[in-house]
1. Can you tell me how many residues within segment 68-99 are assigned to a helix (DSSP H, G or I), open to solvent by less than 70 Å² (accessible area, probe 1.4 Å) and within 28 Å of residue 119 (Cα to Cα)?
2. Considering 136, 96, which residue is hydrophobic (A, V, I, L, M, F, W, C) and more than 15 Å from the chain's Cα centre (by Cα)?
3. Name, by its number, the condition in (1) within 15 Å of residue 91 (Cα to Cα); (2) part of a helix (DSSP H, G or I); (3) touching a residue at least 40 places away in the same chain (Cβ under 8 Å) that does not hold for residue 127.
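The values are calculated or read from the model by the stated rules, or taken from the named source; none is laboratory data. As the structure is a computational prediction, the values presented were derived from the model and not from experiment. Using ideal geometry, Cβ is built from the backbone for each residue, glycine included, and neighbour counts are taken over all protein chains shown. SASA here: full protein model, heavy atoms, side chains in, ligands and nucleic acids out. Shrake-Rupley method; radii C 1.70, N 1.55, O 1.52, S 1.80 Å.
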Amino acid sequence: MIAADVSRDMPAERNTGYRVARRIIARFEALGITSDNRFPIRKTMGASKQVKPNDLVFILTYNGKNLEFVEMIKNWGNLEEKPFLISITEPDNNTIQNLSDINLYIFSDSIKVNNTEISSRVSTISLMELVLYQYIEDYGGRDFNFIKR
């Protein structure tokens with residue numbers, strides 16, 4: 001599952017976080033990596049009930065303070081086995097980073113023009129593509145010259 005921090009006050013097609021998550025999901029699906037959660041989450045509480053203990057969950061939120069995500073992650077703490085959580089946030093000490101199994105952090109300037117968030121998402125896309133390339137190398141028989149650990 002990929003959960004993206006998306007604005008509720010703008011249509012999905014204009015929301016940068018939503019578009020980034022859709023792009024990442026499409027790349028994973030092109031390789032046949034699918035799940036029941038093939039969408040960027042907008043209503044997290046409904047989606048959190050679909051997460052299974054052996055799932056891998058990516059949370060994409062720059063500020064790491066989205067209260068819906070925090071509540072969703074805390075609800076998983078009540079499960080006997082919780083899903084493995086990887087978050088991508090800013091390099092600031094934040095709640096979601098502290099609740100994640102792994103946190104990857106990115107640097108980006110927050111830019112808003114005409115009340116529209118236009119901050120760069122290149123770092124997020126790059127990190128997710130590296131995860132995808134490593135998966136291909138490990139399980140798809142193609143070598144990208146990454147070092148296995």
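1. Here is the first cut: in segment 68-99, the ones assigned to a helix (DSSP H, G or I) are 68-76, 95-99.
Narrowing the set further to residues that are open to solvent by less than 70 Å² (accessible area, probe 1.4 Å) leaves 68-70, 72-73, 75-76, 95-97, 99.
Filter again for within 28 Å of residue 119 (Cα to Cα), leaving 68-70, 72-73, 95-97, 99.
Matching residues across segment 68-99 total 9.
2. 136
3. (3)
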